[in-house]
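Please read the structure below before turning to the comments.
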Amino acid sequence: MEKRNIGFIGLGLMGSAFAERMIECGLQVYGYDRSAERLSSAGQTGVHIVKSAARVANHCDQIHVCVMTTDDLHDVVFGEQGLSRADVRGKILVDHSTTPAGVTREWAAQLDSESGMAWIDAPVSGGPPAAREGKLAIMAGGAQQIIERALPMLQMLGSCTHMGASGAGQVTKMVNQVLVLNNYCVLAEALALAEAGGVDASKIPTALATGYAGSNMLEKLYPRMVSRDFEPAGYAFQVLKDLHMVGQLADSLGVPTPMSSRTMDLFRQLNEGGDGQLDGIAVLKLFSGDTRLND
């Protein structure tokens, strides 16, 4: 049986995990990244390396993207060697990046109008481990018929919920970030209190698992915080970027976000202290005496 082709652009921490999962599911992955080092690593895992985003589109009818910034995404789609430079009419772009909802709607309409390519916004939650295991939470925005075409691929990566029209996936991702990124600080505060109070902090997840405090984050991230394992599954500088997006969306909708505003202040301090390349759970350093916490 001939393998199906799938494109993937952006082969960093998340993108490489996506690609590995797709290969494991029997897909033939054509990939591109601006980083030669990332391309080399991806090639060793079985990704077919091509030299531009446009060339990915030459091989695939469905191209998934996971890049760091909105500028990166624009370059991938509309740049000199972007997807729109190829013959992409009738093909589907699936954006797993965290992108402002308004930008998503504007660029999706532009890509469809100029190139005939459909756009699904499909940001995710769960990190690289969940991507490799096909257990991501995927929140999708776009036309129903386009989502249905992409769904078999998306379901290989995790549980996909169609949230509405273009941009709805990105709004849902901002809701996710409010819950997750504020919780980084809540977990850090709780851990600091447990350690200062003289209890065995490593037992907290077991002790609280069946109560209201039990959660995926308490189970999976809190033990890493106890052991001070700040090896990045995502980066603290990305957390700050996403919190800025939360603030911008909330301001545009007239919604107060005092918790997220305080969390943004903490992550700004963490990044200014030189820890932006650590995992977001490194915010614990502001609570545990490693770094002075500003009032």
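The values are calculated or read from the model by the stated rules, or taken from the named source; none is laboratory data. Predicted model only: the values in this text are computed from it and were never measured. Neighbour counts run over all protein chains shown; Cβ positions are idealised from the backbone, glycine included.
Name every residue in the range 30-44 that is within 24 Å of TYR235 (Cβ to Cβ), out of contact with any Asp or Glu (no Cβ under 9 Å at 6 or more places or on another chain) and either among the aromatic types (Phe, Trp, Tyr) or crowded, with 17+ Cβ neighbours inside 10 Å (or both), in order of residue number.
The initial filter retains those residues of the range 30-44 that are within 24 Å of TYR235 (Cβ to Cβ), namely 31-44.
Subsequent filtering for residues that are out of contact with any Asp or Glu (no Cβ under 9 Å at 6 or more places or on another chain) retains 31-33, 35-38, 40-41, 43-44.
Result: GLY31, TYR32, ASP33, ARG38.
So is ALA143 within 20 Å of the chain's Cα centre (by Cα) and touching a residue at least 12 places away in the same chain (Cβ under 8 Å) or not?
Criteria not met by ALA143.
Going by the conditions given, is PHE18 in contact (Cβ under 8 Å) with a residue 60 or more places away in the chain and surrounded by 17 or more Cβ atoms within 10 Å (Cβ to Cβ)?
Values: in contact (Cβ under 8 Å) with a residue 60 or more places away in the chain: yes; surrounded by 17 or more Cβ atoms within 10 Å (Cβ to Cβ): yes.
For PHE18, the condition - in contact (Cβ under 8 Å) with a residue 60 or more places away in the chain and surrounded by 17 or more Cβ atoms within 10 Å (Cβ to Cβ) - is met.
Check PRO128 against each of (1) assigned to a helix (DSSP H, G or I); (2) surrounded by 21 or more Cβ atoms within 10 Å (Cβ to Cβ); (3) touching a helix residue (DSSP H, G or I) at 6+ places or on another chain (Cβ under 7 Å) and name the one condition it does not meet.
Checking PRO128 against (1) assigned to a helix (DSSP H, G or I); (2) surrounded by 21 or more Cβ atoms within 10 Å (Cβ to Cβ); (3) touching a helix residue (DSSP H, G or I) at 6+ places or on another chain (Cβ under 7 Å), the one that fails is (2).
Give the number of residues within the range 26-35 that are under 28 Å from SER115 (Cβ atoms) and either at pLDDT below 95 or part of a loop (DSSP other than H, G, I, E, B) (or both). Spell out how you get there, then give the answer.
Step one: list which residues in the range 26-35 are under 28 Å from SER115 (Cβ atoms), which gives 27-35.
So of that shortlist, the ones also either at pLDDT below 95 or part of a loop (DSSP other than H, G, I, E, B) (or both) come out as 27, 33-35.
Summing the residues that are under 28 Å from SER115 (Cβ atoms) and either at pLDDT below 95 or part of a loop (DSSP other than H, G, I, E, B) (or both) in the range 26-35 gives 4.
Could you check SER288 against (1) in a helix (DSSP H, G or I); (2) polar (S, T, N, Q); (3) farther than 20 Å from THR69 by Cα and say which number it fails?
Of the numbered conditions (1) in a helix (DSSP H, G or I); (2) polar (S, T, N, Q); (3) farther than 20 Å from THR69 by Cα, the odd one out for SER288 is (1).
Taking the range 161-188 on its own, how many of its residues are touching a helix residue (DSSP H, G or I) at 6+ places or on another chain (Cβ under 6 Å) and under 21 Å from ASP112 (Cβ atoms)?
Let us first name the residues in the range 161-188 that are touching a helix residue (DSSP H, G or I) at 6+ places or on another chain (Cβ under 6 Å), namely 162-163, 166-167, 170-171, 174, 177-178, 181-185, 187-188.
Next, only the ones that are under 21 Å from ASP112 (Cβ atoms) stay: 162-163, 166-167, 170-171.
Number satisfying all stated conditions: 6.
When you scan the range 248-272, how many residues do you find that are under 23 Å from MET217 (Cα atoms) and not acidic (Asp, Glu)? Reasoning before the result, please.
First pass over the range 248-272, keeping only residues under 23 Å from MET217 (Cα atoms): 257-271.
Within this subset, residues satisfying the condition of being not acidic (Asp, Glu) are 257-264, 266-271.
Qualifying residue count for the region: 14.
If we scan the range 45-54, do we find a residue that is in a loop (DSSP other than H, G, I, E, B), surrounded by fewer than 22 Cβ atoms within 10 Å (Cβ to Cβ), of a type in the set (S, T, N, Q) and touching a helix residue (DSSP H, G or I) at 6+ places or on another chain (Cβ under 7 Å)?
Here is the first cut: in the range 45-54, the ones in a loop (DSSP other than H, G, I, E, B) are 45-47, 50-52.
From what is left, the residues that are surrounded by fewer than 22 Cβ atoms within 10 Å (Cβ to Cβ) are 45-46, 50-52.
From the residues that got through so far, the ones that are of a type in the set (S, T, N, Q) too are 45, 52.
Adding the requirement that they be touching a helix residue (DSSP H, G or I) at 6+ places or on another chain (Cβ under 7 Å) leaves 45.
Yes.
Condition check: in contact with a Ser or Thr (Cβ under 6 Å, 6 or more places away or on another chain) and at pLDDT 95 or above. Does GLN81 satisfy that?
Numbers: in contact with a Ser or Thr (Cβ under 6 Å, 6 or more places away or on another chain): yes; at pLDDT 95 or above: yes.
Yes; evaluated as a whole, the condition is true for this residue.
Pairs, please: C-beta under 9 Å, at least 6 apart or cross-chain, first residue over 16 Å from ILE281 (Cβ atoms) and in the range 186-201, second modelled with pLDDT of 95 or more and surrounded by fewer than 19 Cβ atoms within 10 Å (Cβ to Cβ)?
Between residues of the range 186-201 that are over 16 Å from ILE281 (Cβ atoms) and residues that are modelled with pLDDT of 95 or more and surrounded by fewer than 19 Cβ atoms within 10 Å (Cβ to Cβ), the close pairs are VAL199/ALA207; ASP200/ALA194.
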